[in-house]
Every structure is written in structure tokens, then in C-alpha cells.
1. Take Arg249 and decide whether it is within 12 Å of the ligand (Cβ to nearest atom) and either touching a Lys or Arg at 6+ places or on another chain (Cβ under 7 Å) or more than 19 Å from Glu110 (Cα to Cα) (or both).
2. In segment 251-279, what count of residues is obtained for those that are of a type outside the set (D, E, K, R), crowded, with 23+ Cβ neighbours inside 10 Å and under 22 Å from Ala119 (Cα atoms)?
3. Applying the selection to segment 193-217, what residues are β-branched (Val, Ile, Thr) and either modelled with pLDDT under 95 or within 15 Å of the ligand (Cβ to nearest atom) (or both)?
4. Going residue by residue through segment 162-174, is there one that turns out to be among the charged types (D, E, K, R) and either in a loop (DSSP other than H, G, I, E, B) or surrounded by fewer than 19 Cβ atoms within 10 Å (Cβ to Cβ) (or both)?
5. Among the strands (runs of 3 or more DSSP E) confined wholly to segment 328-389, which include 1 or more residues that are surrounded by 17 or more Cβ atoms within 10 Å (Cβ to Cβ) and in contact with a His (Cβ under 7 Å, 6 or more places away or on another chain)?
6. Given the options Thr45, Thr146, name the one that is buried (at least 17 other Cβ atoms within 10 Å of the Cβ), within 15 Å of the ligand (Cβ to nearest atom) and not assigned by the TED database to the domain that holds Ala309.
7. What number of residues within segment 264-297 satisfy the criterion of being within 16 Å of the ligand (Cβ to nearest atom), β-branched (Val, Ile, Thr) and touching a Ser or Thr at 6+ places or on another chain (Cβ under 7 Å)?
8. One residue is enough: does segment 73-96 have a residue meeting the conditions within 22 Å of the chain's Cα centre (by Cα) and loosely packed, with under 13 Cβ neighbours inside 10 Å?
Amino acid sequence: MTAVEHLPQTATLSPILKQATPVIVDHAQGSWVYGTDGQSYLDFTTGIGVTSTGHCHPRVVAAAQEQCAKVIHAQYTTVMHPPLLELTAKLGGVLPLGLDSVFYANSGSEAVEAAIRLARMATARPNIVVFQGGFHGRTVAAASLTTAGTRFSAGFSPLMGGVHMAPFPYAYRYGWDTETAVDFALTELDYLLTSRVAPDDTAAFLIEPVLGDGGYLPTPPRFLAGLRERADRHGILLILDEVQAGFGRTGRFWGHQHAPISPDILITAKGLASGFPISAIAAPTELMTKAWPGSQGGTYGGNAVAAAAAIATLDVIAEENLVDNAAIRGEQLLTGIREVTTGLDAVGDVRGLGLMIGIEFVTRVGDRCMPDAATALAVQRATTAHGLLTLTCGPAGNVVRLIPALVVTADEIALGIERFGAAVHSVLGA
Ligand code: PMP
């Protein structure tokens, strides 16, 4: 093809971009999205757990606007800017004790990759153990670590090597109580570490405190404690992917704070800047220095406007008590969803932690529960028709997830429960 004659053309979005709702947002505020169609929607998706302080929180908007007028971009390996220094100091106040060094990137996937690079460089070991149903992103390396659905990694092999999957204590799926599922998963992990993946060849365990795209499954605290104990015993690093569960979402500042443990490397992104693209890893300084300059980061890492928005986000979370609000409103939401789904055979499990609530849809085959993605999708679509934005997740796509903003009010949660109830009953005809 020659470029001599360039005829006017229009471009369209790639057909592989599948939207979960038909909504085109005109503007959004707090828990509400206002479509170009003139409709308003209660937003229990928050841009997939990103706009935690609500859409366009005035403090975040002001901080970003002010920063925009000062400096938008100053590449951090060339020229430093004050927002990144201030953000880092402020993060020190919320990071687990000992994780006193921070490095910035733009997305969750990039931060996951940074954590893996660091773990491999620090230990000089190749292997990473991940847990079934984990989601860690879409770059080739992050997809290699992801086991939340074949759609995330099929078709572009070879993936990154050195990744080994161990079972996750998915009590509902196995039909067990949580303790039995934890015993099973820890036993299988020990089996993997003796049969296939030598501990002294293993750099890290990588896990989410609540499986996100894998089905909104809280990781049982005793399982995390079991990982911590094995990591310490074998000199393996424990990496916690707090991209979705961090920043107050689960009713604690970090999702792992429901367990009596602390990670060696923490990954954060989504809620960090209320919608501006920025991510980070945190680790002890001594560990962080094991990666060498040049091995981490990128052109846009630690953007000044995103950093200013992140500072405002931290202030808003503290001043408006949003972590406590997430815990209280999460309880209200979980209880309410259980009430409106009581007696529905297709609803197998309603679970969650804070404002991460999953509703698993199943069909019963004999005494077994099989994933029912068609019903989950129908319910998710019906919620939109009832003015409530929701998403699906899970390897089979049979879990509807609710991710309200941390600023959500009691009335908004009550309305969300009512709309979810109406939607689910409209689909199931009950
Ligand atoms: N880790 C987790 C736990 C996530 O939920 C996600 C995004 N859903 C990622 C990593 C990847 O983040 P990003 O899409 O920003 O690359």
C-alpha cells in the first residue's frame, strides 16, 4: 500500500472491545453515572474498582486541576516533581510496617511485573507460585501469572516461564467448609513444593487478598498465614496483589489486614488515585535495592497529575472515614443481597469483604453446582435496565460483582439492593 493518496476515512473502535453495558457516560458524580441517553445509573462498577472516592470528588478534581496548571509530566528518572515526593511520604503512613520504599508505574499489570522482576532479582530464583483463579493483568508476563480464565492467556503462547499454579481454597466450589478448603490448599501447596517446584528455586508466592476477576473470593486469613509461614521457612517472598482489594475497598486499608500477616512486596493501583492511571509497588528499602536502576519504571510512571490526585485521594479517605464506611456499607450490602436472593436456587453463594460483593450463579446437576454464566449475564444486563451498573467475573463468568464507591451512602446501598432484587427476579421469574 502506498501513502501517496490518503483518502478520508473514519475509524471505529476494535470489534473485540465488548462493553458490559450500552451506557455512554456524559458525566458522573459520586455514586452516579449520567448517560448521554439522559438516564442516570447507580454505579456499582466504579470503573472496575477505581473511582473509590466516588466519581469526580471535588477534592480530587481540584488537586488535579491545580497540578495540571503547574506541571503535567516530568519524567521521574530525569526531573523529579513534588507530588511524587509528597505522595510517597503520605503512603508511608498507610503502608505495612517495614514496607518503606515505593516505586511507581501506571497500571496494575506493570506493577505486577515490577514486583516479579524485583522478586527474581532479589532471590536469584526463577519460580513464581500463583493460586488458581488469580488475576494479575494482561501484559504477557502478567497474563502468564493469571489463572482466572483461559481467555486472558490463550492464543499468544509462549507465556513467561517459571509460573506454577497451586489450588486456591475455594470452599464453595469444593462443597467444603472454609477450614477444610484451607487444609486442602495448604497440603497441595506443600505437595507442589516437594514434587515439582523446589522451594529454594522459588522466588515468590503471588496472591490477591480477595480474588477479583477470579470470582470475588476472599482469601481465608489462615491461608494467608500459611503462605507467610512457608515463605519465611523457605526464604520465598510473599507478594500481595492489592490492585483491586487495597485502598479501603474491603473495610480495612489493605485487604491483607483481615489476616495476621504482612507481605514482602505489596502491589497497589486501582483505588490509588480515584481514576488517574498510577500504580506502585512497596517493599522494604533493603529489598527494593536488589533491583538495579533501569530495570523498573517507564516513561509515564508516577505522573504528576496522577500523584496529586492520589494525595487528595488519601486525604479524602482519611477525612471522610471511607475505610469504616466501606466496612459498614459492605455489611449492609451483603446482608441485603442475601435477603433479596433468599430461596433462589440459581444463586449458589453470596459472599464478599467490604465493598467487594460477589453473587455466584449455578445450575444444580444432581447434588453438584455447575457455573451458570448465562444467568449471571442476564442478571447483569437486567440490572442496567433497572438503573444499576454491575459487572460479571469468575473464570466461567458466572459471578455478578458489586463494587460501589467507598463514599456510597446507606440510601444508595438500599436502592442498589432494591434494584438488584428487581433485576434478579425479573430474570428468574420468581
Ligand atoms: N491485579 C489485579 C488484582 C487486578 O484486579 C487487575 C485489574 N483488574 C490487575 C492486576 C491488572 O491491572 P491493570 O488492568 O491496571 O493492568
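1. Criteria met by Arg249.
2. The qualifying residues number 11.
3. So the first thing to find is which residues in segment 193-217 are β-branched (Val, Ile, Thr), and the list is 194, 197, 202, 207, 210.
Answer for segment 193-217, where residues must be β-branched (Val, Ile, Thr) and either modelled with pLDDT under 95 or within 15 Å of the ligand (Cβ to nearest atom) (or both): Ile207, Val210.
4. No, that holds for no residue.
5. Working: elements: 347-353, 356-365, 368-371.
Result: 347-353.
6. Values: Thr146 fails: not assigned by the TED database to the domain that holds Ala309.
Every option except Thr45 fails the conditions.
7. Looking only at that region, the number is 1.
8. There is at least one residue in segment 73-96 that is within 22 Å of the chain's Cα centre (by Cα) and loosely packed, with under 13 Cβ neighbours inside 10 Å.
The values are calculated or read from the model by the stated rules, or taken from the named source; none is laboratory data. Predicted model only: the values in this text are computed from it and were never measured. Heads up, the Cβs are rebuilt from the backbone with ideal geometry, glycines too, and the neighbour counts pull from every protein chain shown.
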